[in-house]
Amino acid sequence: MSSSPIIVWFRESLRLSDHPALYEAARSGTRIVCSYVHDQESPGLRPLGGATRWWLAQSLRALQAELHALGAGLVIRRGAAAEVLCELARETKAGAVYWNDVAQAAPRAVAADVEAALAEIGVSSRVFPDDLLVDPAELRGKDGRGPRVFTPFWKRVLALGDPPKPLPRPARLSHAPGGASLPIDELALEPLKPDWAGGLRASWHAGERAAQARLASFLETAVQTYAADRDRPDIEATSRLSPHLRFGEISPRQVWHAARFAAAERPASAAGIDKFLSELGWREFSRHLLYNNPDLATRNLQPSFDAFPWAQDDAALQAWQRGRTGYPIVDAGMRELWHTGSMHNRVRMVVASLLVKHLLIDWRLGEQWFWDTLVDADPGSNPASWQWVAGSGADAAPYFRVFNPVLQGEKFDSHGTYVRRWVPELARLPAALVHQPWAAKPLELAEAGVALGRTYPAPFVDHKPGRERALAAYASLRTSD
């Protein structure tokens with residue numbers, strides 16, 4: 001056994017199973033120092049939003065508990081990763097630092113700085129692929145670019161076969177003293193005054209064990225009807241794994257192989273599992289887009305959109321953020337988001353369409369709001385999805401697709417269950433009116449206790465003129481090409 005310990009730098013893989021860097025360090029038999037660096041100083045890193053900061057605190061606590069159960073600890077520090085890890089290596093007399101790759105431009109630049117700084121003090125580095133099913137380099141064409149349309153992308157991924165099997169969790173760790181560690185509270189990740197995270201705490205449990213339990217439950221139950229029910233926000237029909245994937249509490253390889261095993265064990269669930277894995281494919285596709293376009297959150301992938309006539313409408317933006325647009329399905333989604341840090345995916349598309357098409361507000365403002373309020377705000381999926389809705393992305397929705405929020409509500413929340421939960425002022429309206437209260441007669445509104453314009457707003461913009469205005473804006477963009 002080497003006398004020099006190995007530092008395992010936990011980055012976006014906050015778990016113990018299928019953790020390549022931890023697995024290799026443990027397999028070596030060398031003493032290990034597990035470390036997390038809260039880096040808000042290295043250039044290029046996008047600061048976390050409020051909801052993801054809250055989740056990170058819970059995830060770190062869960063990781064600490066898992067490591068303690070194996071007789072190890074987690075050294076938590078803050079600062080530029082290169083400086084912090086060099087200092088920790090000196091303190092512990094470490095001979096090497098292992099970490100998992102994060103296939104994004106800014107994190108890779110940080111990792112390159114870490115590797116160079118460690119080399120200067122005679123400490124070696126080992127980097128392991130981790131956060132994707134397929135390395136982006138494997139899918140690049142002769143022009144050096146990766147696929148920009150989802151369907152051919154996913155076909156190429158599937159043609160490569162199953163990703164590597166997940167690595168086992170270490171049975172034990174040979175722990176090396178790691179020096180001083182910051183308490184998680186000192187990272188100031190959670191809100192205090194005011195404490196707005198009560199709904200998040202009531203809605204979520206972070207950590208690796210919670211992620212594994214959620215995946216197992218989904219594959220045993222909801223996946224069988226996933227293909228048919230996944231667009232319904234009124235029932236629990238989705239996996240809700242996205243925040244766990246976002247923080248690496250579970251890996252895409254683990255999800256893939258568990259799903260394939262479930263399909264083999266229960267053939268009746270195969271169709272649902274195929275659809276579920278294609279949604280995992282959208283996460284993968286978005287991460288590949290981000291790899292090839294580091295400024296995905298700020299730059300239109302379609303350059304023609306740089307001339308789009310976005311409106312400056314602070315009142316409309318604020319009404320949208322607060323769930324006061326007058327469209328019940330939209331307002332339900334925005335209030336669910338504020339309370340729980342999440343929103344059903346179908347509703348995300350509807351609320352995004354209303355903002356960028358009915359209201360003609362720049363998609364980047366919506367992306368920023370989601371970045372701050374979603375517990376699963378993913379650096380790839382969040383901007384890629386907003387660009388998809390806006391039509392400015394690589395694989396974009398057609399410009400003429402303008403979701404009708406009334407029809408979307410009636411189709412996917414036909415009994416009004418979802419709207420009644422999150423917009424309780426409409427709870428007494430019948431299903432035929434709950435998605436369009438302005439269509440109710442005065443007596444019907446009075447019986448339901450609804451006063452349009454007072455207890456619930458009238459629509460900020462009517463669908464038909466809003467759609468026509470959006471199509472005219474998109475038409476002007478095309479004629480100016």
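The values are calculated or read from the model by the stated rules, or taken from the named source; none is laboratory data. Because the structure is a prediction, the values reported are computed rather than measured. Please note: Cβ atoms are built from the backbone with ideal geometry, for glycine as well, and neighbour counts cover all protein chains shown.
Worth pointing out:
- Test: residue in the range 11-25 that is under 22 Å from Leu200 (Cα atoms), among the polar types (S, T, N, Q) and touching a helix residue (DSSP H, G or I) at 6+ places or on another chain (Cβ under 8 Å): yes
- The set of residues from the range 106-142 being modelled with pLDDT of 95 or more, within 29 Å of Ser242 (Cα to Cα) and among the small types (Gly, Ala, Ser) comprises Ala106, Ala109, Ala111, Ala112.
Yes/no per residue for (1) modelled with pLDDT of 95 or more; (2) in contact with a Lys or Arg (Cβ under 9 Å, 6 or more places away or on another chain); (3) farther than 25 Å from Leu56 by Cα:
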residue: Ala216; (1), (2), (3): yes, no, no
residue: Leu219; (1), (2), (3): yes, yes, yes
residue: Val223; (1), (2), (3): yes, yes, yes
residue: Tyr226; (1), (2), (3): yes, yes, yes
residue: Arg232; (1), (2), (3): yes, yes, yes
residue: Arg240; (1), (2), (3): yes, yes, no
residue: Pro243; (1), (2), (3): yes, no, no
residue: Pro252; (1), (2), (3): yes, yes, no
residue: Ala259; (1), (2), (3): yes, no, yes
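- Test: residue in the range 337-350 that is closer than 22 Å to Val402 by Cβ, among the β-branched types (Val, Ile, Thr) and modelled with pLDDT of 95 or more: yes
- Residue selection: Tyr36 fails the criterion of being in contact with a strand residue (DSSP E or B) (Cβ under 6 Å, 6 or more places away or on another chain), more than 30 Å from Gln368 (Cβ to Cβ), aromatic (Phe, Trp, Tyr) and crowded, with 22+ Cβ neighbours inside 10 Å.
- Looking only at residues in the range 18-33 that are charged (D, E, K, R) and assigned to a loop (DSSP other than H, G, I, E, B), the one that is surrounded by the most Cβ atoms within 10 Å (Cβ to Cβ) is Asp18.
- Val434 being free of Cβ contacts under 8 Å to residues at least 40 places away in the same chain and either crowded, with 17+ Cβ neighbours inside 10 Å or under 22 Å from Leu360 (Cβ atoms) (or both): no
Here's the yes/no breakdown for (1) under 28 Å from Pro136 (Cβ atoms); (2) of a type in the set (Gly, Ala, Ser); (3) at pLDDT 95 or above:
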| position | (1), (2), (3) |
| --- | --- |
| Pro47 | yes, no, yes |
| Gln64 | no, no, yes |
| Leu67 | no, no, yes |
| Ala80 | yes, yes, yes |
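- Of everything in the range 272-292 that is touching a residue at least 60 places away in the same chain (Cβ under 8 Å) and over 14 Å from the mean Cα position of the chain (by Cα), the residue that is nearest to Ala258 (Cα to Cα) is Ser278.
- Scope the range 391-418; condition within 17 Å of Ala237 (Cβ to Cβ) and not in a loop (DSSP other than H, G, I, E, B); matching residues: Gln408, Gly409, Lys411, Phe412, Thr417, Tyr418
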